[in-house]
1. In region 23-60, how many residues are outside any helix (DSSP H, G or I), open to solvent by less than 90 Å² (accessible area, probe 1.4 Å), touching a residue at least 12 places away in the same chain (Cβ under 8 Å) and of a type outside the set (Val, Ile, Thr)?
2. Collect the residues in region 61-70 that are under 18 Å from Glu10 (Cα atoms) and assigned to a helix (DSSP H, G or I), keeping them in residue-number order.
3. Being without any contact (Cβ under 8 Å) to a residue 12 or more places away in the chain and open to solvent by less than 80 Å² (accessible area, probe 1.4 Å) is the filter; apply it to region 11-22 and report the residue that is nearest to Met72 (Cα to Cα).
4. Being exposed (fewer than 15 other Cβ atoms within 10 Å of the Cβ) and acidic (Asp, Glu) is the requirement here; does Asp70 meet it?
5. Can you tell me which condition Thr73 does not meet? The list is (1) outside any helix (DSSP H, G or I); (2) touching a helix residue (DSSP H, G or I) at 6+ places or on another chain (Cβ under 6 Å), and all the others hold.
6. Can you tell me which residues in region 61-84 are touching a residue at least 24 places away in the same chain (Cβ under 8 Å) and of a type in the set (Gly, Ala, Ser)?
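The values are calculated or read from the model by the stated rules, or taken from the named source; none is laboratory data. Computed from a predicted structure; not experimentally measured. Cβ placement follows ideal geometry from the backbone for every residue including glycine, while neighbour counts extend to all protein chains displayed. Please note that ligands, DNA and RNA were not included when accessible areas were found on the heavy atoms of the full protein model with its side chains. Shrake-Rupley method; radii C 1.70, N 1.55, O 1.52, S 1.80 Å.
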Amino acid sequence: MKTSSEPVAEHVQAFLAERTRQTWARDTDLFASGGLSSMFAMELVVHLESTFDIVIAGPDLALDNFRTVDAMTALVLRLREAER
């Protein structure tokens, strides 16, 4: 049985794999590993907003929210819950 976070994490991992042509563990620091740039972080923001119908603004734009698949998953779930 999947938890509510798994579909979000799987989607983020699939998007990253498609865009970077490599797979990423959920806890890999995507920026420290050299896998992603801060410019790509903006693409992630746009993708997450449009895919999950959320708004990422203000303090939520902190790079730490985009460092790992798990961090992005937590951000999406928190923002979805806040909009209910």
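1. Looking only at that region, the number is 9.
2. Matches in region 61-70: Asn65, Phe66, Val69, Asp70.
3. If we take residues in region 11-22 being without any contact (Cβ under 8 Å) to a residue 12 or more places away in the chain and open to solvent by less than 80 Å² (accessible area, probe 1.4 Å), then Ala14 is nearest to Met72 (Cα to Cα).
4. So Asp70 fails the test.
5. (1)
6. Scanning region 61-84 gives a single hit, Ala74.
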